[in-house]
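For reference, the structure is listed below as structure tokens.
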């Protein structure tokens, strides 16, 4: 399967990313473009998207810097760029509960530290 590149726009910030081959990532790919007001939770941005699916068997309780994920309980897309309030130390990136990892940012994930709650986030092909 070819790599599915997407672009994430958050205010004046534009970052390229790629989606993986998971079932959840495929659902998100087919729902693009998606636009919503982002909320922050520590060094995570999340927002509801029009995708409904369950936690995958390989859902992760800890993710890597720059991970893109889907949070099933909130039907939310998540962008991780540092520790969250659930992290157990400053090097751990722990979602509120397990997430389906659907891709990764290309480039410096910490650029998202400048994005504030309420900023419109757009995911597009």
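Computed from the coordinates by the stated procedures, all read-outs in this text should not be read as laboratory data. Treat the numbers as computed from the prediction; the structure is a model and nothing was measured. Note that each Cβ is placed from the backbone with ideal geometry, even for glycine, and that neighbours are counted across all protein chains shown.
Along the Cα→Cβ direction, 7 angstrom out, place labels at residue 5 and residue 91. What is the inter-label distance in nm?
Reported label-point gap for residue 5 and residue 91 is 3.3 nm.
Suppose the chain between residue 53 and residue 31 were pulled fully straight at 0.36 nm per residue; how much longer would it get relative to their current alpha carbon spacing?
That works out to 6.6 nm of additional length.
For the chain, set up a GNM with springs between Cα atoms under 10 Å and report which of 48, 38, 11 has the largest fluctuation.
11
Given a Förster distance of 25 angstrom, what is the FRET efficiency for residue 120 paired with residue 18, based on the Cβ-Cβ distance and rounded to 0.05?
0.70
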